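No lab work stands behind these numbers, since they all come straight from the coordinates. Values in this document were obtained by computation on a predicted structure and should not be read as measured data. All Cβ positions, even for glycine, are placed from backbone atoms using ideal geometry, and neighbour counts span all protein chains on display.
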Amino acid sequence: MARTSSQKIEHMQSVPLFAQLSRRHLQRVARHADEVAAPAGKVLARQDEMGRELLIIVEGQARVERDGHVLARLAAGDFVGEMSLIDHKPRSASVIAETDVVLLTIHSRAFRPLLDSVPGMKDRILVGLVERLRRADENLIG
Ligand code: CMP
């Protein structure tokens, strides 16, 4: 789905990962972000494959599944797929669209440079990872 740059930036502003960015930094990220639509049921990232992009859900819902077990449900504003881009190992889980979705994707090539040059982005990714670990710990204890 092709979107104009201003629509893309509008969508980026609705996502916590980017919401605090200045216009200049939003534009920098937008240059490396593609907006794509996918139908319900589509596998957006596949467990054990190498990851090529960060996925940010703009509209719709998805689930994270490992070996057929649901680990998490994702909604608009959530990002996913960062782990492979950080440690260069295969995807830890699959991500499957539960409804029709609209995503922003950032290719692995651009991910590191953006983390290093866009203020606050690294922190937000880090906080997202910590939140996930806390939830996983809670789920472990029950
Ligand atoms: P990655 O391993 O690249 O691809 C699968 C993604 O699922 C992973 O990055 C995380 O973004 C996400 N993920 C993995 N485990 C969990 C979890 N327990 N809770 C939420 N998201 C997860």
>> Once you compute Rg and the Kirkwood Rh from C-alpha atoms, what is the Rg to Rh ratio for the chain?
In response: 0.95
> What are the ³J(HN,Hα) values, in whole Hz, obtained from phi via the Karplus relation 6.51 cos²θ - 1.76 cosθ + 1.60 with θ = phi - 60°, for each residue of the range 52-59 in sequence order, with x given for Gly and Pro?
Replying inline: 10, 8, 8, 10, 10, 7, 9, 9
> Regarding the range 17-59, what are the three Cα extents along the principal axes, ordered largest first, in Å?
Replying inline: 35, 22, 16
> In whole Hz, what ³J(HN,Hα) sequence does the range 70-83 give by Karplus (6.51, -1.76, 1.60; θ = phi - 60°), x for Gly and Pro?
Replying inline: 6, 8, 6, 10, 10, 10, 3, x, 7, 10, 7, x, 6, 4
> Among Val36, Val102, Val58, whose mean-square fluctuation peaks in a Gaussian network model of the chain (Cα, cutoff 10 Å)?
Replying inline: Val36
>> Which residues does the label zone of Asp100 cover in the range 40-62, counting backbone N under 17 Å from a point 7 Å along Cα→Cβ?
In response: 40-43, 58-62
>> Starting from a Cα-only point model with no solvent, please compute log10 I(q)/I(0) by Debye for the range 1-82 at q = 0.11 1/Å.
In response: -0.32
>> Report the Cα-based extents of the range 60-142 along its three principal axes, largest first, to the nearest Å.
In response: 38, 31, 23
> Given the Cα-Cα distance of Met50 and Leu129 and 0.36 nm per residue of separation, how much length would full extension add, in nm?
Replying inline: 26.5 nm
>> Once R0 is set to 41 Å, what does the formula 1/(1 + (r/R0)^6) return for the Cβ-Cβ distance between Asp87 and Gln61, expressed as a FRET efficiency to the nearest 0.05?
In response: 0.95
